[in-house]
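Written below as structure tokens is the structure these notes are about.
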Amino acid sequence: MEDVRQPTVARPPAARQRNLFEAAAVYVAACAENDHERSAEAARWVSPEALGFGVNELACRAVIALARERDEPPQTVARSLLGLPTA
């Protein structure tokens, strides 16, 4: 008897859930690159509150990393990044 099983068809992957840190990383990088379409897409992945939390966490980590790299206090680095005079 002939085997008449149907070939297995791969289903497209379900839309995967993005976490707030992934959304924040994509959002901030897209903003830095002036990519409005990509930043808007990332902003839709999570709630505005979650995105705000993720962006804040990313900013804190970035300032700490730069402060260590420059051997400067985080406040000095943050003010420098924003073009503010040192306090």
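Phi-derived couplings, Karplus 6.51 cos²θ - 1.76 cosθ + 1.60 at θ = phi - 60°, listed residue by residue for region 35-44: 9, 5, 5, 5, 5, 5, 4, 4, 5, 7 Hz, with x used for Gly and Pro. So, taking all protein chains as they sit and a 1.4 Å probe, how much accessible area belongs to Cys31, in Å² rounded to tens? Looks like 60 Å² after rounding.
The values are calculated or read from the model by the stated rules, or taken from the named source; none is laboratory data. Because the structure is predicted, anything quoted here is derived from the model rather than measured. Keep in mind that these areas ignore ligands, DNA and RNA; they rest on the heavy atoms of the full protein, side chains included. Shrake-Rupley method; radii C 1.70, N 1.55, O 1.52, S 1.80 Å.
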